[in-house]
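FYI, it's all coordinate maths here, none of it is from the lab. Not measured: the values here are computed from a predicted model. Here Cβ is always computed from backbone atoms with ideal geometry, including for glycine, and neighbour counts include all displayed protein chains.
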Amino acid sequence: MQLLKKIALWTINLILIALVAWYAYHTFDEYMRNPWTRDGQVRGHVIQIAPRVSGMVTGIAVIDNQYVHKGDLLFEIDREPFEIAIAQSNANLQRARISSNAARIEYDRLQDIFKKDPGAVSQKDLNLREAKYQESLSQIDVVTETLRGAKLNLGYTQVHAPVDGYVSNVDFQIGTQAVANSPILALVDSNSFWVFGYFRESQIGKFNIGDYARVTLMAYPDSPLDGRVESLGWGIAPSDGNTGFNLLPSIKPVFQWIRLAQRIPVRIKLEHVPKDVELRFGLTASVMVMAENRDREH
């Protein structure tokens, strides 16, 4: 009985050792056959929200890191100066119409006189009256467009989210002077996340666009993500040759027997993200391209 227990114990130990060895070999073989990198990052489109008009901020409808839907109000700018501009434009339009009506009456009067007695009105005076009337019509068009612009500017006092996403860097307060076309906060598009994997240049030829990729985030090591190679970068900024001291090129020393491979950005399109995984711009990721399994279905 004691012998049987020892045999059973040894058998279980051998099975466990075999399983561990098989797993270690399989993992090592997978890493040897498939290009991979720990140098990866989650990226996404970051929209710099800038007001289209200048003015004092009178209301802020969001807080930092809040999720917003497309069309949600972000902040408001003082409306009063733009309401005054609309009132002024309306007054100018009314004045332009009155002036144009007077010019038309005078022009019609001279035309009637000219038809009855051509010698009573010179052709020059008739032409001048016609030109003045046409100019008044143009002035109406100008003021009408000014009014349209004033109404647009009033609408721009309310700034809305252009996409679904997360508000970031809300570091202004009510009373802040917003400047037109100057970014005041950032909005991370929640539907635009992808992963950049920076692969050694010696690995680029080992996979193709469309290959299956497995992405593991440092924040969620137990929830690997599925993806596909979407594109490969076509250039990186040179580290040598930039202007240095006395306008001379700056060159870094390199040992002849050591050649560091450059890193090429490879864009990975994520195909499915579990609900319990929250993607954030800049998260660290490991990326493995399954070059030996291009036909994988998932």
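Listed values, structure above:
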quantity	calculated
Cβ-defined net charge surrounding residue 117, 14 Å radius [Lys, Arg +1; Asp, Glu -1]	+1
Degrees separating the helix 80-116 axis from the principal Cα axis of the chain, which is the longest one	40 degrees
Hz values of 3J(HN,Hα) by residue in the range 150-158 - Karplus curve (6.51, -1.76, 1.60), Gly and Pro given as x	5, 5, 4, 4, 5, x, 6, 5, 9
Backbone HN-Hα couplings from phi across the range 229-236 [Karplus 6.51/-1.76/1.60, Hz, Gly and Pro as x]	5, 9, 6, 10, x, 9, x, 9
Linear extension gain, residue 126 paired with residue 250, 0.36 nm per residue minus alpha-carbon span	37.0 nm
Net lengthening on full extension, residue 91/residue 148 (0.36 nm per residue, minus Cα-Cα)	19.2 nm
Environment charge of residue 279, counting only residues whose C-beta is closer than 14 Å and scoring Lys/Arg +1, Asp/Glu -1	-2
Over the chain, volume per residue of the alpha carbon convex hull, in Å³	325 Å³
Unit charges on C-beta of K, R, D, E only; dipole of the chain, Debye	580 debye
Gyration tensor verdict on the range 147-279 (Cα atoms; rounded if a/c is under 1.5, prolate if a/b is larger than b/c, oblate otherwise)	oblate
Among 149, 208, 10 the positive-end extreme of the charge dipole of the chain (Cβ point charges)	10
Computed [θ] at 222 nm, helices only, for the chain once each DSSP H run of length n ≥ 4 contributes -39500 (n - 2.57)	-12500 deg cm²/dmol
Sites residue 54 and residue 13 - FRET efficiency at Förster radius 45 Å, r taken between beta-carbons, to 0.05	0.05
Potential extension, residue 200-residue 269 segment - 0.36 nm per residue separation minus Cα distance	22.9 nm
Inverse mean reciprocal Cα-Cα distance (Kirkwood Rh) of the range 79-156, Å	14.1 Å
Backbone N under 13 Å from the residue 176 label point (7 Å along Cα→Cβ), restricted to the range 77-92	77
